[in-house]
Each structure stands twice: as structure tokens, then as C-alpha cells.
């Protein structure tokens with residue numbers, strides 16, 4: 001697919017939104033690699049994956065997708081003679097247990113999503129490795145029961161440490177609290193137990209000086225009676241490390257025996273992360289799947305630009321049945337360019353297996369290339385004018401065009417002499433049509449409207465304009481060319497109908513009577529000049545008041561939209577932190593949600609959160625959430641305040 005088209009249609013922003021819904025780096029890498037495809041069978045499979053993932057998410061959002069954190073680095077150690085640490089093995093065990101959960105989850109969802117769940121059948125249940133890791137590793141450490149020898153060694157270590165403690169306590173007591181000792185506390189220096197002795201009494205202690213205080217007034221002595229025990233302890237700890245290393249080596253060797261199975265599980269989990277990200281994006285933009293064809297037919301029903309969302313005016317668009325080239329006219333800022341971008345971006349998304357925000361029954365053709373010329377493209381570095389930049393793009397398009405190409409051109413022929421621009425525009429449209437391309441173009445030239453009206457395979461379209469309010473409606477009407485809105489606007493604002501009639505005759509070489517136009521509504525926001533200083537102040541006050549009201553209304557609407565999205569107690573995934581947390585406060589007017597993460601309450605924008613597990617699934621009905629969200633001290637204070645008033649008693653969040 002043409003890189004310029006990908007950039008101009010903002011396909012990268014769609015991939016950016018899709019990446020926000022991934023939980024793993026490997027899933028995000030799959031998004032980075034995503035490109036529009038041309039094989040119908042592949043695209044249909046991808047669309048079906050998205051549809052089925054969305055269906056599963058509509059039933060439950062608690063899909064056991066693993067974050068795969070550290071898995072790629074862990075598997076890189078296989079076969080290199082490197083021994084996995086206890087933390088690595090614990091992480092590997094967690095992943096393998098999660099993989100088994102995913103396999104079981106997918107088996108239960110087989111009826112809802114037969115294609116997506118079938119991938120889960122390839123997940124390996126490596127029970128032997130999981131059981132062995134769980135037997136030897138707990139809490140990122142090798143446990144005593146890993147081997148009989150390790151248990152014996154650690155028992156001896158415990159006995160030696162107890163003997164040393166008893167011996168040291170005995171020495172401290174025998175020396176008195178103040179006469180010899182700086183403090184009656186036992187310290188550790190370089191892993192050895194010492195007692196702090198006043199410098200002047202250092203000769204009174206039978207032992208070795210291991211350290212001194214900064215002032216020199218205290219020396220840290222290891223008593224001779226303790227040194228022997230300490231040496232025995234150090235030897236036992238060396239044996240402990242050797243035994244732990246032996247356990248870790250055996251577990252590493254066992255894990256390396258399943259290198260292929262582990263790699264497949266990681267690949268499947270990353271693919272699931274990617275697939276369910278597509279499903280989440282579809283839910284977010286209220287997308288639907290579409291029907292595919294190779295007949296160059298596009299039919300969009302109630303489509304909305306994927307990056308504009310719910311606020312966009314629905315687009316009804318069709319091309320390919322009776323005509324393969326559409327020329328759209330209409331006023332500036334009337335929505336022509338948005339129509340072009342909506343059609344082009346949706347085509348790219350569909351060919352990438354993504355749902356698009358359209359009504360059911362929409363269909364898209366598969367194009368091998370989408371060629372685009374939108375924007376003025378001026379470049380100071382290359383000394384290109386607006387016209388020459390457009391022309392350079394058009395020349396490239398004419399060289400690359402084929403019957404399987406969708407061509408999108410904005411303001412065709414603009415930027416030069418109107419007569420020459422019009423001639424170039426028509427000749428370019430003829431060349432594109434003769435090459436069999438599907439063409440979507442916008443223009444202001446009236447001659448091109450006539451050309452499209454009279455030429456087979458072409459059709460006119462226009463963006464509606466409400467002459468009463470002097471505002472565009474952003475609605476596309478196919479089958480009709482745009483009217484001369486400039487003349488109607490002038491008439492609406494009070495210019496003489498005779499003068500406008502003459503202007504029309506000069507422009508279009510025909511006579512048109514403008515006396516028949518009737519305007520049924522007053523001009524909105526008509527400017528009235530205030531007659532007094534008080535009127536000026538009153539007008540300024542009203543405008544400020546309206547602005548404040550609008551801002552407050554916007555904040556309230558934002559809060560309403562977000563408050564229902566997450567409930568207190570819901571478990572959410574925080575994309576910026578790559579971890580989960582519990583919702584402790586509903587969203588404020590800024591869209592910030594209170595989330596408890598690692599016993600800390602943070603304010604996080606709702607856009608960085610996605611529902612992981614609903615609170616109803618985590619906690620029983622009427623569960624006291626203070627047990628989870630409040631400290632023990634605050635709970636006690638609340639209980640006290642519920643019974644009586646206590647002066648100066650405060651609860652700190």
C-alpha cells in the first residue's frame with residue numbers, strides 16, 4: 001500500500017489506538033507490522049477474528065490474556081548455557097498456568113467463536129514443568145523442600161544462627177550496658193556479627209576489629225567465640241548456594257526441553273492479545289464487520305470517520321454499480337475532504353481486518369492500491385508551489401494507476417489559472433477512467449460538474465448547505481451537483497437579485513431568476529451593534545456567562561460519559577503502567593479515575609484504562625469495599641465517627 005496514502009489518510013493513528021488496547025509488547029509489535037492485505041480469504045479471516053473477539057468481549061471482559069512481560073528475554077537464555085533464576089522460573093510458571101487457563105477459557109467459548117477459540121487448541125499444557133517449578137520455587141525463591149540436602153543445610157544454618165545469637169546476647173549481658181559497650185545492640189559488618197565497643201575498652205574484648213565509626217569513638221569487634229560459629233555459618237551458606245544452583249540448573253534443563261512448546265504458547269498468547277485488541281477497538285468505535293467484493297463496489301451505510309467518532313455526521317456513500325468515478329462539489333469547510341478521508345481510511349481498515357463504524361449491510365471492494373492527493377503539500381525545502389506539488393502527486397498516480405486502484409484527489413486542478421486548471425482536471429479524470437480506476441474527487445469548477453453529468457461512468461455529488469442558516473450540513477448527496485452557494489449567500493445577506501442574476505449569466509452563460517428564492521428562517525448569530533456603553537457591557541457579560549455555562553456543560557457531559565464506564569471495585573488494566581489496579585473513585589469532570597495501585601491511590605485518565613475484571617465478579621454482593629480500599633487505621637476512625645463525635649479526629653485519604 002502506498003506510504004503517502006497511509007500517511008495522508010492517518011492510518012497510523014488507527015494503529016496507535018489499536019496498540020493502546022494491547023497488553024503485551026509482542027502484541028504491540030503485531031500491531032506495528034499490520035498492513036492492508038489484498039487476498040480476500042485472508043481479509044475475511046481477519047474480519048471474522050475481530051467479530052468473534054468482540055462477541056466474546058460482549059459476554060465477558062475477563063479474558064485471561066497474559067502480559068508476556070519478560071518472556072522474550074527468558075526464552076533467549078535457552079540453549080546458551082545460562083541458568084534461569086528463581087524469579088525467571090516463577091514468571092515462566094505463571095505464564096504456563098495462564099496458558100492453561102486460556103486454553104480452558106477458549107474451550108468454553110467454542111460455540112460463540114469457533115475460529116478464534118480453535119487457536120487455543122494448539123496451546124500446550126506443560127504440567128510436568130509447572131508441577132516441578134511449584135514444588136521447588138515459591139515467592140521467587142527456592143524453598144527448603146526442593147531437595148533433602150537443601151532442607152538439611154538450611155536447618156543447620158538456622159541452628160548456627162541461633163547459637164550465634166545466644167552467644168552474642170550472653171557476651172553483651174556479661175559486659176554490662178554502659179561500661180564497655182557504646183550500644184547494647186548487635187550489628188552486622190560485611191555479613192559478620194559484631195558488637196559496638198567503646199574505643200578505650202577495645203583491648204578488653206578478645207576478638208577482631210572489623211570496622212570503626214566515623215568519629216573513631218566506636219570499634220566493631222567480632223568476638224573470638226563467635227568467629228568460629230560465623231566461619232561455620234559462611235561455609236553452610238556456600239553449600240546452600242551450591243544446592244540452590246543445582247536445583248535451578250535442573251529446572252532450567254527441564255524448561256529447555258520444552259523450548260518449542262513454550263515458544264508456541266507465547267506466539268499464540270501474543271496473537272490473542274492482538275486479536276482481542278481488535279475486538280476492543282471495534283467496541284470503542286461501535287464498529288461492524290462488512291461484506292467484501294472484488295467488483296470495485298463500495299457501499300457505506302451511516303458511516304462515521306473512525307477518528308471523529310460519534311459526533312460525526314453519518315455518511316451514506318456508494319460507488320461502483322452505475323458509475324466508477326464520483327465528483328463532489330460544495331462549499332469550503334462543508335465536509336468534502338472528510339468524505340474522501342472517511343472512504344479511504346475505511347478501505348484501509350477493512351483490508352487490515354478491522355471493523356469500521358458503519359451500519360450493517362455495508363460492503364467494501366478490495367483494492368491493490370490506494371493513491372491519494374490531499375492537502376496543499378507545499379515544501380519550502382523543495383521549493384514546490386501548491387500547484388506543482390499537486391501535479392507531482394498526480395503524475396505519480398497516473399503512472400501507478402490500474403483497474404484495482406482507488407484514487408482519491410482533493411481540489412482537482414486547483415492552484416493555477418482556472419481555465420487551465422479545469423482543462424487539466426477533466427483530462428486527468430478521463431485518463432483515470434480509461435485505466436479503469438475507481439476515482440473519488442472534489443472540485444469547485446462548474447465545467448467539471450457538467451463533464452461528470454454528461455460522461456458515462458461519472459456521477460456528481462454535493463455537500464448540502466443550509467442557505468437559511470448559512471451553514472453546511474455535512475451531508476453528502478449523490479446524483480446532484482452543488483448549487484452556486486456564493487450567489488445564494490450573497491442574496492441571503494441582502495444583495496440585489498438583479499445583480500446576482502447578471503453575475504450568474506456572466507459565470508454560466510445562462511439566465512437564472514433569483515427572485516423566486518424564499519428564506520424561511522432568520523440568519524443565526526446575526527450581529528447587532530450595541531447602541532450604548534451599557535449595552536456593550538451587557539453583551540460582554542452575556543457572552544462570558546454563556547461561555548462559562550458551555551464550559552460547565554462540557555465538563556458535566558465528560559463526567560457523565562466516563563462515570564458509567566468504571567465502577568468502584570472494578571479491576572482495570574493501566575496501559576501506561578502495564579499493570580492492573582482497583583477503581584477506588586469514580587471519574588471527575590476531567591475524566592480522571594481514582595485507582596488503587598500497589599496500596600497507592602492515583603488519578604489516571606480514563607483513556608489509559610480498560611476494564612479487566614468487573615467488580616461484581618471479584619466481590620460478593622454488598623461487600624464492604626473499605627476493606628480493600630481503606631487502611632486499617634482509617635476503617636477504625638470511620639467506625640468511631642459512626643458512633644460518636646471525636647474532636648480533631650481526621651481521616652486522611
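The values are calculated or read from the model by the stated rules, or taken from the named source; none is laboratory data. Bear in mind the structure is a predicted one, so any value in this text is a computation, not a measurement. Because the Cβ atoms are built from the backbone with ideal geometry, glycine has one as well, and the counts that use them run over all protein chains shown.
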Scan region 77-93 and give yes if some residue there is at pLDDT 95 or above, outside any loop (DSSP other than H, G, I, E, B) and within 17 Å of the chain's Cα centre (by Cα), otherwise no. no
Pairing a residue in region 315-344 that is over 27 Å from residue 292 (Cβ atoms) and in the same structural domain as residue 465 (by TED's automatic domain parsing) with any residue that is at pLDDT 95 or above and part of a loop (DSSP other than H, G, I, E, B), where Cβ atoms lie under 8 Å and the two sit 6 or more apart in sequence or on different chains, gives none
For region 122-151, give me the residue count where each residue is in a loop (DSSP other than H, G, I, E, B) and touching a residue at least 40 places away in the same chain (Cβ under 8 Å). 7
Scan region 314-323 for residues that are surrounded by 20 or more Cβ atoms within 10 Å (Cβ to Cβ) and either part of a loop (DSSP other than H, G, I, E, B) or out of contact with any strand residue (DSSP E or B) (no Cβ under 6 Å at 6 or more places or on another chain) (or both) and jot them down. 323
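Name the single residue, out of those in region 3-34 being part of a loop (DSSP other than H, G, I, E, B) and touching a strand residue (DSSP E or B) at 6+ places or on another chain (Cβ under 7 Å), that is surrounded by the most Cβ atoms within 10 Å (Cβ to Cβ).
So the residue we want is 9.
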Among (1) more than 21 Å from residue 356 (Cα to Cα); (2) within 20 Å of the chain's Cα centre (by Cα); (3) crowded, with 17+ Cβ neighbours inside 10 Å, which single condition is residue 53 missing? (1)
Residue under question is residue 154, and the condition is that it be in a helix (DSSP H, G or I) and more than 24 Å from residue 191 (Cα to Cα); does it hold? no
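Would you confirm, using the coordinates I've provided, whether residue 60 is under 20 Å from the mean Cα position of the chain (by Cα) and either in the same structural domain as residue 7 (by TED's automatic domain parsing) or over 30 Å from residue 358 (Cα atoms) (or both)?
yes
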Looking only at strands (runs of 3 or more DSSP E) that fall completely inside region 534-629, which ones have 1 or more residues that are out of contact with any strand residue (DSSP E or B) (no Cβ under 8 Å at 6 or more places or on another chain) and at pLDDT 70 or above? 600-605
Answer from 100, 61 - the residue that is crowded, with 17+ Cβ neighbours inside 10 Å, in contact with a strand residue (DSSP E or B) (Cβ under 7 Å, 6 or more places away or on another chain) and touching a residue at least 12 places away in the same chain (Cβ under 8 Å): 61
Identify all residues within region 468-481 that are surrounded by fewer than 17 Cβ atoms within 10 Å (Cβ to Cβ) and more than 38 Å from the chain's Cα centre (by Cα); write none if there are none. 468, 469, 479, 480
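Quick check on region 109-121. Is at least one of its residues closer than 30 Å to residue 250 by Cβ and assigned by TED's automatic domain parsing to the domain that holds residue 53?
No, region 109-121 has no match at all.
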Kindly indicate whether any position in region 79-87 is free of Cβ contacts under 8 Å to residues at least 60 places away in the same chain, more than 15 Å from residue 258 (Cα to Cα) and surrounded by 17 or more Cβ atoms within 10 Å (Cβ to Cβ). no
Check whether at least one residue in region 122-130 is at pLDDT 95 or above and over 35 Å from the mean Cα position of the chain (by Cα), and report yes or no. yes
When the residues of region 563-579 are narrowed to those that are out of contact with any helix residue (DSSP H, G or I) (no Cβ under 6 Å at 6 or more places or on another chain) and surrounded by fewer than 17 Cβ atoms within 10 Å (Cβ to Cβ), which ends up nearest to residue 614 (Cα to Cα)? 568
